[in-house]
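Here is the structure we will look at.
Only the coordinates and a few stated rules stand behind these numbers; no lab work does. In this text the structure is predicted, and so the values were computed from the model without any measurement. Here the Cβ positions follow ideal geometry from the backbone for every residue, glycine too, while neighbour counts run over all protein chains shown.
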Amino acid sequence: MVKKYLTLLFAMLFVMCKSPQKQETAKLVILISIDQMKSEYLSRFNPQLEAGFKYLLDSAIVYTNAHHNHATTTTAAGHATLATGFFPSHNGITDNTVYNRALGYKHYSIEDTTVRFVGIEDCGLNRVSAKPLLKNTLGDYVKESDNASMSYSIALKDRASILMGGKTANRAFWFDAASTQMVSTDYYKETYPDWAKKYTANEVMHSEISKGWVLDQSFTKMASISSDSFERERGNFNPWFPHTLASFDTMRVPDNKRGAFMWNSPYGDAFVLKFAHQLIQNQDLGTDDHTDILSIGLSAADVIGHHFGPNSYEVLDYYNKIDFYLAEFIEKLNKDVGKENYILLLTADHGVAAMPEYLADQGIDAKRILGDQFDADIARINEKLKDTFMLSDDVILKANYSGVEPNMSIFERNGADLNSVINMLTSELERLEYIAGAYSFLDIKDSSCNKPYIAQIRNSHRDEFGYYVKLVPTENYLIDMRKNGTTHGTPYTYDTHVPLIVKLPRHSGKMIDTKAYTVDIVPTVLDVLGIKTEVHFDGTSLGQSY
Ligand SMILES: [Zn+2]
């Protein structure tokens, strides 16, 4: 009742303040990010996507050439970017874990030890919050313009949910595998809802968990798909179907099998979509003219993609199944909120590289460089630098796939010339067949530096985070890797090219092939909603293109 009066009051205020340029009234904006979804899946898997994706492709504006425009294409950086309209260099979230230069160690980019979990007695997950995010999210802007608006976010991954939610979200929820519950913290002021406590994956997905992940009857192998148990596939499951609780590799998943099943199968993301619908119903989202925001991250897609690769039975079947769950979710949206009352966007935080062995089989130059080889090469370069500059201390302090940290104290202590040492270090690194570029802070600060991808490197850079020298591998090479699986994190098209689907009320479907960027999402939605800000985003509204 109170909500009704408040709604009426705010509705009256809203009418008075309504911008004359307002283009669309939307009761709800839904932002879906599928973790690790490549744009090409929409076309490559198209014959088999006949439900939710087909509905969106037929009825929405589809940007077929949408990209992330920063170099470090990882989950935290991608979500912060698509949710703020700013590159990591400005939004503050440059990677999942960041090497903190002042502290001299790595930590989780969203670490916040001051928060406490709510809605659960005992939670062993990391304490995290949106505090390190330096920019507003879409939900923050909408709530700022109308304080009767609500914003929620949900994902299996904490970083996806928290970074899409932003600082003023009513609440962000993420998955605790031990309890199979969606948890949250006291960073958010609203009371943790009772219904959410009871809505566990253990109960809601009981029959899927018992049955296991089996291939759909309709599953047909495609030309681009390798056999079911490709040699480098290795997840927490054995590599062949069916994937059941019993087929978990017991060394990798010793306990919490039901929670692990959610993380490693399409059913984890199905649970997230079901939880999202519960949020709409229980928190009264999309019921009035105060635009609400619901951000949804589908994180199991990333886990499955890492383990099995983009040319696997598992990834194709994941999209087959999510296609159905998306259709189910959209059907409920059309019924509960109304077909013409919501805006729905679908994108991804990054893509992924194909398994190098799969590409090599097709005659493409691609390699997996194991951690041992990488470490041996770094040790050799370290010795060469020591000899050349006659230093007794190690020159390289730390190194991994993302970069190399030189021992900065040698420059003061031994009088070594910074420029000379760094120039030799970067050129030695670039002589390795698997390194395409080594970019030091000197390159980043030098406006005349024209190395390939320097703009994307700068968009990923903040002085306080990351190793002094950043590495970009040779295209299609995976460096400092384990023996199995694949990954992402480069400025190459296979990692940057993501879907961007914008479903607007009263618009018909359209394909647009001009380049669009994930930083354009927030300015576009604000433009559609007629919300004016003084903010100069890194992206621009795509409003002119449809
Ligand atoms: Zn990933």
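Mean projected area of the convex hull spanned by the Cα atoms of the chain, taken over all viewing directions: 25.8 nm².
Looking at the square roots a ≥ b ≥ c of the eigenvalues of the Cα gyration tensor of the range 367-481, which shape do they give, rounded for a/c under 1.5, prolate if a/b is larger than b/c, or oblate? Oblate is the answer for the range 367-481, as a/c is 1.5 or above yet b/c matches or exceeds a/b. Ordering L82, A436, L397 by the projection of their Cα atoms onto the charge dipole of the chain, which places +1 on the Cβ of Lys and Arg and -1 on the Cβ of Asp and Glu, puts L82 at the extreme positive end.
When you filter the GluC sites (Glu not before Pro) in the range 200-294 for DSSP loop state and at most 13 other Cβ atoms inside 10 Å of their Cβ, you are left with E231.
To the nearest ten degrees, helix 75-84 and the longest principal axis of the Cα atoms of the chain are 50 degrees apart. Amide H to amide H, with H built 1.01 Å from N, I32 comes under 5 Å of I296, L345, L346, T347, counting only residues 5 or more places away or on other chains. Of the GluC sites (Glu not before Pro) in the range 415-475, the ones in a loop by DSSP (not H, G, I, E or B) with at most 16 other beta carbons within 10 Å are E433, E464, E475. Going from the residue with the fewest nearby Cβ atoms within 10 Å to the one with the most, V519, V272 rank V519, V272. Each label was represented as a point 7 Å from its Cα along the Cα-to-Cβ direction; for D365 and T113 these points are 4.7 nm apart. Taking amide H as placed 1.01 Å from N in the peptide plane, V128 has its amide H under 5 Å from the amide H of D112, each at least 5 places away in sequence or on another chain.
Taken one residue at a time, the phi angles of the range 198-214 give Karplus couplings (6.51, -1.76, 1.60, θ = phi - 60°) of 8, 8, 9, 4, 3, 8, 5, 10, 3, 5, 5, 5, 5, 6, x, 8, 10 Hz. Gly and Pro are set to x. Helix 266-282 sits at what angle to the longest principal axis of the chain, using alpha carbons and giving 0 to 90 degrees rounded to 10? Around 40 degrees separate the two axes. With a cut-off of 17 Å on the backbone N, the residues of the range 47-65 near the modelled label site 7 Å out from A223 along Cα-Cβ are 47-48.
Whole-Hz Karplus values for the range 28-40 come out as 8, 10, 10, 10, 10, 10, 9, 5, 6, 7, 7, 4, 4 Hz, taken residue by residue from phi with 6.51 cos²θ - 1.76 cosθ + 1.60 and θ = phi - 60°; glycine and proline positions read x.
Remark: spin-label model distance L245-K386 equals 5.4 nm, labels positioned 7 Å along the Cα→Cβ axis. Per-residue Cβ neighbour counts within 10 Å put R234, R159 in the sequence R234, R159, beginning with the fewest. Summarising the amide proton neighbourhood of L397: residues at separation of 5 or more, or on other chains, whose placed amide H is nearer than 5 Å comprise E405, N407. Only helices enter this figure: runs of n ≥ 4 DSSP H residues, each worth -39500 (n - 2.57), summed and divided by the residues of the chain, yield -10000 deg cm²/dmol at 222 nm to the nearest 500. Seen against the Cα atoms of the chain and their longest principal axis, helix 418-430 is set at about 80 degrees.
Antiparallel beta bridges, as assigned by DSSP with both residues in the chain, represent about 50 percent of the total such bridges.
Fewest neighbouring Cβ atoms within 10 Å first, the residues M164, M205 line up as M205, M164. For the range 108-219, the antiparallel share of DSSP beta bridges with both residues in that region comes to about 65%.
Listed peptides 486-493, 118-125 appear in the order 486-493, 118-125 once ranked by packing, highest mean of other Cβ atoms within 10 Å at the front.
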